[in-house]
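Asker: Below you will find the structure I want to go over with you.
The values are calculated or read from the model by the stated rules, or taken from the named source; none is laboratory data. Quick caveat, the model's predicted, so the values are computed rather than measured. Neighbour counts are summed over all protein chains in view; Cβ atoms, including those assigned to glycine, are modelled from backbone coordinates with ideal geometry.
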Amino acid sequence: MIRLNLALLLAVLVSAFYLVHLQYESRRLYTELDKAKRVSQRLEADHDQLFVQKRAQATPSRVQRLAVSQLQMRPANPAITQYVKLPALQGNEGQVAQGRLQHGAPDPAEGRP
């Protein structure tokens, strides 16, 4: 009978220590989850802020101003435009001039995609 009592006492002690360990582990994981949520919220706020900044940087007026000031670009006009004429190959319905054959686009006359 004493052995049975000792075995039961040992089982109760083991289960009590295991329960304490599980509670500790649960609290530790909850703390990690809370930290991860805070980091996620901070990163989401940073992402939103960067998206707004990106949109502000890509406004057409800013791009135009930078193109003129830093790249010395100017609007195209007929006085400075040079046109390139490509010779048309026979049988290809002028597709070389349109750039279709050079980029691997299919021939619409063949009826294949």
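Asker: So, in region 37-62, of the ones that are small (Gly, Ala, Ser) and loosely packed, with under 10 Cβ neighbours inside 10 Å, which residue ends up farthest from MET73 (Cα to Cα)?
Answerer: That would be ALA56.
Asker: Tell me, yes or no, whether region 45-53 has at least one residue that is modelled with pLDDT of 85 or more and small (Gly, Ala, Ser).
Answerer: yes
Asker: Checking the conditions here, which among ARG65, ARG100 is surrounded by 10 or more Cβ atoms within 10 Å (Cβ to Cβ), at pLDDT below 85 and among the charged types (D, E, K, R)?
Answerer: Going through ARG65, ARG100 in turn, the sole match is ARG100.
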